[in-house]
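Peer 1: Take this structure, written in structure tokens, and hold onto it; I'll ask about it next.
The values are calculated or read from the model by the stated rules, or taken from the named source; none is laboratory data. All values derive from a computational prediction rather than experimental measurement. Here the Cβ is made from the backbone with ideal geometry for all residues, glycine too, and neighbour counts use every protein chain on show. Heavy atoms of the whole protein, side chains included, go into the accessibility calculation; ligands, DNA and RNA do not. Shrake-Rupley method; radii C 1.70, N 1.55, O 1.52, S 1.80 Å.
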Amino acid sequence: MASERVETVIAGNYKEMEREEGNSRSTRSKISNLFWHGGSVYDAWFSCASNQVAQVLLTLPYSFSQLGMLSGILFQLFYGLMGSWTAYLISVLYVEYRTRKEREKVDFRNHVIQWFEVLDGLLGKHWRNAGLVFNCTFLLFGSVIQLIACASNIYYINDNLDKRTWTYIFGACCATTVFIPSFHNYRIWSFLGLMMTTYTAWYLTIASLIHGQVEGVKHSGPTTMVLYFTGATNILYTFGGHAVTVEIMHAMWKPQKFKLIYLVATLYVLTLTLPSASAVYWAFGDLLLTHSNALSLLPRTRYRDTAVILMLIHQFITFGFACTPLYFVWEKLIRVHETKSVLKRASARLPVVIPIWFLAIIFPFFGPINSTVGSLLVSFTVYIIPALAHMITFSSASARENAVERPPSFLGGWIGQFCMNIFVVVWVFIVGFGFGGWASMLNFIHQIDTFGLFTKCYQCPPHKA
């Protein structure tokens with residue numbers, strides 16, 4: 001009975017929103033709804049899949065050169081499943097929090113629920129603060145990485161400007177994401193973004209196979225512990241894109257249907273990442289150790305230029321995905337979150353872009369920065385904290401008895417779920433944060449020593465006279 005009532009309450013609010021937005025039968029309204037107002041299961045799937053496989057698609061062959069072929073494939077499968085599990089935990093906690101609040105007659109129609117608020121409502125202010133710090137820092141650097149990727153990619157079709165100058169230009173372009181109100185309005189962008197990465201993934205696969213192996217190709221990875229765990233944490237980062245799960249769920253008309261969406265999105269993403277990373281590594285081998293962007297090794301053709309342009313557009317979209325939760329936090333801090341003026345909210349959001357711009361210029365290390373963010377931030381943000389929060393939330397018998405979402409029976413009920421959570425916490429803390437943090441920081445410091453901070457053109461070949 002409780003779960004039926006929950007579904008009615010949750011779906012009810014969103015149904016009201018849907019009717020309010022769809023009352024007008026004008027052509028303009030229908031077009032707007034088609035491209036702008038997304039809240040279905042399919043919209044959520046496109047958002048999850050599009051957000052998960054962004055610029056990291058171009059750095060996975062680099063990770064394979066550090067890990068070796070077998071370890072690269074196994075880590076993708078392993079972290080893909082682990083990421084899907086913790087995304088499921090986040091969705092359970094969101095529904096639990098929202099249900100409790102709506103029983104108290106709280107109305108969320110002009111308020112976007114975020115992860116730190118879920119932690120606050122279920123576990124208190126200390127968990128809220130931890131969630132806020134880790135989530136915001138991760139999303140900040142996630143946005144930085146997209147900006148770095150834009151400059152890295154455009155350089156391969158126009159090297160008249162250095163990468164730092166391109167970072168200035170794309171920083172200004174990405175700032176236009178302040179005008180997109182919420183994840184509810186990413187419908188067309190999510191669809192296009194996934195089509196773009198699908199093209200790029202299969203371009204990398206087919207182009208590498210046609211190119212064949214370079215003369216004297218070597219596949220010597222793994223060679224050192226540092227490189228091995230650096231590559232592993234880049235894959236941990238790859239499947240840690242569910243820091244925006246709560247915001248995506250809140251944009252759904254029926255968020256309780258989210259449960260398996262991230263898993264299905266991950267399975268699709270694996271059809272892109274496994275063939276492309278394997279084919280590029282097979283063709284170029286150890287050359288990838290000094291070429292973190294896979295596009296840099298493929299000959300320039302109109303197909304490669306198309307892939308570069310599509311990835312640039314997609315990185316703009318992913319920048320918006322990573323930055324939008326930061327916009328929400330800032331809006332709530334300065335008390336403009338519930339205003340209905342898009343222009344007022346957009347102008348209030350602009351200060352958020354400035355530190356992202358600045359950090360992208362300081363640390364332009366495309367590839368190594370992914371592993372550093374993965375080990376130090378992703379490990380806690382989307383793996384350790386959700387697993388611990390779930391266990392503590394349902395630690396009491398009464399909480400388990402009244403839970404809105406019960407654990408899958410095939411896992412062994414609550415005991416099986418708690419065992420899974422403990423495994424995630426221990427594994428990610430030791431392997432992801434411990435060994436991964438050690439390796440990725442050593443590699444990151446090596447990049448600083450080699451290229452320096454504020455470097456104008458990271459890993460750029462010397463210009464021909």
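Peer 1: Within the stretch 20-92, which helices (runs of 4 or more DSSP H) (wholly inside it) include 1 or more residues that are of a type in the set (S, T, N, Q), at pLDDT 85 or above and open to solvent by less than 10 Å² (accessible area, probe 1.4 Å)?
Peer 2: Here the list reads 41-52, 56-67.
Peer 1: Moving to a separate point now. Cβ-Cβ distance below 6 Å, separation of 6 or more or different chains: which pairs start in the stretch 397-413 with a residue that is free of Cβ contacts under 8 Å to residues at least 12 places away in the same chain and end on one that is assigned to a loop (DSSP other than H, G, I, E, B) and open to solvent by less than 70 Å² (accessible area, probe 1.4 Å)?
Peer 2: Here the result reads Gly413/Pro407, each pair linking the stretch 397-413 to a residue that is assigned to a loop (DSSP other than H, G, I, E, B) and open to solvent by less than 70 Å² (accessible area, probe 1.4 Å).
Peer 1: Another question about this same structure. Is there a residue being buried (at least 24 other Cβ atoms within 10 Å of the Cβ), of a type in the set (A, V, I, L, M, F, W, C), assigned to a helix (DSSP H, G or I) and at negative phi anywhere in the stretch 269-279?
Peer 2: Within the stretch 269-279 (the criterion being buried (at least 24 other Cβ atoms within 10 Å of the Cβ), of a type in the set (A, V, I, L, M, F, W, C), assigned to a helix (DSSP H, G or I) and at negative phi), the answer is yes, since at least one residue qualifies.
Peer 1: If you don't mind, there's one more thing I want to ask. Restricting attention to helices (runs of 4 or more DSSP H) lying wholly within the stretch 115-217, give those where 1 or more residues are farther than 27 Å from Val373 by Cα.
Peer 2: Because the criterion is at least 1 residues that are farther than 27 Å from Val373 by Cα, the helices (runs of 4 or more DSSP H) in the stretch 115-217 that meet it are 115-123, 187-211.
Peer 1: Return yes or no: is Ile361 touching a Phe, Trp or Tyr at 6+ places or on another chain (Cβ under 8 Å) and either open to solvent by 10 Å² or more (accessible area, probe 1.4 Å) or not polar (S, T, N, Q) (or both)?
Peer 2: In short, yes.
Peer 1: Do we find that Thr271 is hydroxyl-bearing (Ser, Thr, Tyr) and within 17 Å of Ile90 (Cβ to Cβ) in this structure?
Peer 2: Answer is no for this residue.
Peer 1: From the residues in the stretch 280-299 that are in contact with a Leu (Cβ under 9 Å, 6 or more places away or on another chain) and not in a helix (DSSP H, G or I), which one is modelled with the highest pLDDT?
Peer 2: The selected residue is Leu298.
Peer 1: Among Phe141, Phe170, Phe191, which is over 25 Å from Val269 (Cα atoms) and at pLDDT 85 or above?
Peer 2: Phe170
Peer 1: Shifting gears a bit: Specify the residue that is most open to solvent (accessible area, probe 1.4 Å); the eligible residues are those in the stretch 98-114 that are over 19 Å from Pro325 (Cβ atoms) and touching a residue at least 60 places away in the same chain (Cβ under 8 Å).
Peer 2: Arg103
Peer 1: Sticking with this structure for a sec: Inspect all residues belonging to the stretch 389-397 and state whether any of them is farther than 21 Å from His126 by Cβ and either open to solvent by 30 Å² or more (accessible area, probe 1.4 Å) or within 17 Å of the chain's Cα centre (by Cα) (or both).
Peer 2: Checking the stretch 389-397: at least one residue is farther than 21 Å from His126 by Cβ and either open to solvent by 30 Å² or more (accessible area, probe 1.4 Å) or within 17 Å of the chain's Cα centre (by Cα) (or both).
Peer 1: Find the helices (runs of 4 or more DSSP H) located wholly in the stretch 378-465 whose residues include 1 or more that are at pLDDT 85 or above and acidic (Asp, Glu), and list them.
Peer 2: Where helices (runs of 4 or more DSSP H) fall fully within the stretch 378-465 and carry at least 1 residues being at pLDDT 85 or above and acidic (Asp, Glu), they are 397-401.
Peer 1: I've got another one for you. Regarding Thr230, is this residue surrounded by fewer than 24 Cβ atoms within 10 Å (Cβ to Cβ) and on the phi < 0 side of the Ramachandran plot?
Peer 2: no
Peer 1: Would you say Lys163 is free of Cβ contacts under 8 Å to residues at least 40 places away in the same chain and either surrounded by fewer than 20 Cβ atoms within 10 Å (Cβ to Cβ) or on the phi < 0 side of the Ramachandran plot (or both)?
Peer 2: So Lys163 fails the test.
Peer 1: Would you check if there is a residue in the stretch 336-344 being under 21 Å from the mean Cα position of the chain (by Cα) and surrounded by 13 or more Cβ atoms within 10 Å (Cβ to Cβ)?
Peer 2: For the stretch 336-344, residues under 21 Å from the mean Cα position of the chain (by Cα) and surrounded by 13 or more Cβ atoms within 10 Å (Cβ to Cβ): absent.
Peer 1: In the stretch 291-319, what residues are open to solvent by 10 Å² or more (accessible area, probe 1.4 Å), within 25 Å of the chain's Cα centre (by Cα) and among the polar types (S, T, N, Q)?
Peer 2: Hits for the stretch 291-319 are Ser296, Thr306.
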